[in-house]
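Down below is the structure, laid out as C-alpha cells.
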Amino acid sequence: MIVDVVIPALDEEQALPEVLREIPASIVRQVVVADNGSTDRTAEVARAAGAVVVSEPERGYGAACLTALAYLRSDPPDVVVFLDGDHSDYPQEIGDLLAPIASGVASLVIGSRARGRAESGSLTSPQRVGNAIACAGLKVLYGVRYTDLGPFRAITWQELGWLGMVDRNFGWTVEMQIKAARAATPYVEVPVSYRNRIGVSKVSGTLRGSVSAGVKILWLLGKYAWPTP
Ligand SMILES: Nc1nc2c(ncn2[C@@H]2O[C@H](COP(=O)(O)OP(=O)(O)OP(=O)(O)O)[C@@H](O)[C@H]2O)c(=O)[nH]1
Ligand SMILES: [Mg+2]
C-alpha cells in the first residue's frame, strides 16, 4: 500500500521538524507540506527535513489540502493521510489509521481525539462542544456515527476522488465526512492521542477562530442536507 502524508501548514516552523521526525519512514512514501502563505521559515524547515513543499498562497486549511492533492495527482498513492503541522497529533499512530484500510474494512478512517487520550488543555471546551454538536448533526442528518471531526485521518485515493472535495477553509473535515456518508463510504473511527500544539494557537484557542470554524461547519451540515434547488 503506497501511503503519502499531507500536512497543511501555516507558520509552523517550530513544530514541523518534530512532526516530520516522528513520521514512520517505513510506512510512508512521501510527505507533502502545503505551505499556506507562511511568513516564517515553514517551507525551508520542511524541505530541510526531506518533505516535498507545495505553495498555496490563499489562506485556508482546505485550499492547502487541495493544492497538495493536485500535486499528488501525477503519481497518486493508494492512501492519503492528513496530519496537522503543529505537533498536536502523534504521527507514530499512522499505523492505527491504516490498519482498517489494509484489511479492507474501511476506505475512510477518522482519528478520534474524543475516544483517545488528549493531553489536558489540548482540546478546548468550545472544541469539544462544537465537535459533539457537529457529530450529532452527522448522525441525525446523514445517519453516520462519529465522535470527532479530527484532522488526523486516512482515506483511499480512489474514495477521495469520488467525494469531490471543494471546501477551501475550515469546512474540509466535515465536508469529507458528509460526502462519505452520502456516498455510503465504508468508514471507521480509531482512537488517537492528542497533545498541546507547539506554537501559538490560531483557531481553537481564539474566539474568532472557533466561531468562524463553528459557523462554517454548521452551515455545511445544513447545505448538504437541504440543497438549494
Ligand atoms: N489556522 C489556520 N491553519 C492553517 C491554515 N492553513 C493551514 N493551516 C494549518 O492547518 C493545521 C490546523 O490548523 P490549527 O491552527 O492547528 O487549527 P486548530 O488545531 O483547530 O487550532 P490551534 O492548534 O489551536 O491553532 C495546522 O497545521 C495549520 O498550520 C490557515 O489558513 N489557517
Ligand atoms: Mg492545531
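The values are calculated or read from the model by the stated rules, or taken from the named source; none is laboratory data. Bear in mind that the values here come from a model prediction, so they are computed numbers and not experimental data. Heads up, the Cβs are rebuilt from the backbone with ideal geometry, glycines too, and the neighbour counts pull from every protein chain shown. When the accessible area is computed, the model is the full protein with side chains, heavy atoms only, and any ligands, DNA or RNA have been set aside. Shrake-Rupley method; radii C 1.70, N 1.55, O 1.52, S 1.80 Å.
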| query | Looking at region 11-77, what helices (runs of 4 or more DSSP H) fall wholly within it and have at least 2 residues that are under 21 Å from Asp167 (Cβ atoms) and within 19 Å of the chain's Cα centre (by Cα)? | reply | 61-72
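Is region 34-49 home to any residue that is more than 23 Å from Glu18 (Cα to Cα) and within 16 Å of ligand 2 (Cβ to nearest atom)?
Quick first cut of region 34-49, residues more than 23 Å from Glu18 (Cα to Cα) only: none.
No, every residue in region 34-49 fails to be more than 23 Å from Glu18 (Cα to Cα) and within 16 Å of ligand 2 (Cβ to nearest atom).
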| said: Please pick out the residue among Ala102, Ala63, Ala70, Ala154 that is without any contact (Cβ under 8 Å) to a residue 40 or more places away in the chain and on the phi < 0 side of the Ramachandran plot. | reply: Ala70
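For region 114-124, check the following and say yes or no: at least one residue is of a type outside the set (Ser, Thr, Tyr) and within 13 Å of the chain's Cα centre (by Cα). Give the steps one after another, and end with the answer.
We begin by selecting, within region 114-124, every residue of a type outside the set (Ser, Thr, Tyr); these are 114-119, 121, 123.
Among the residues that remain, those that are also within 13 Å of the chain's Cα centre (by Cα) are: none.
No - not one qualifying residue is present in region 114-124.
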| request: Among the residues of region 75-116, write down those that are under 24 Å from Ala64 (Cα atoms), of a type in the set (Ser, Thr, Tyr) and open to solvent by 30 Å² or more (accessible area, probe 1.4 Å). | output: Tyr90
| query | Going through region 182-201 one residue at a time, which ones are in contact with a strand residue (DSSP E or B) (Cβ under 9 Å, 6 or more places away or on another chain), away from ligand 1 (no atom under 11 Å from the Cβ) and of a type in the set (D, E, K, R)? | reply | Glu189
| task | Kindly list, by first and then second residue, each pair from a residue in region 123-150 that is under 17 Å from Thr206 (Cβ atoms) to a residue that is part of a helix (DSSP H, G or I) and open to solvent by less than 60 Å² (accessible area, probe 1.4 Å), limited to pairs with Cβ atoms under 8 Å and residues at least 6 apart or on different chains. | result | Thr124/Ser210; Pro126/Ser210; Pro126/Gly214; Gln127/Ser210; Gly130/Ser210; Gly130/Ala213; Gly130/Gly214; Gly130/Ile217
| query | Give me the pairs: first residue in region 173-186 and farther than 15 Å from Ala154 by Cα, second residue in a loop (DSSP other than H, G, I, E, B), beta-carbon distance under 6 Å, and six or more apart or on different chains, which are they? | reply | Ala181/Val144
| Ala46 surrounded by 18 or more Cβ atoms within 10 Å (Cβ to Cβ) and at pLDDT 95 or above | yes
| Within region 189-199, can one find any residue that is at pLDDT below 95, surrounded by fewer than 20 Cβ atoms within 10 Å (Cβ to Cβ) and not β-branched (Val, Ile, Thr)? | yes
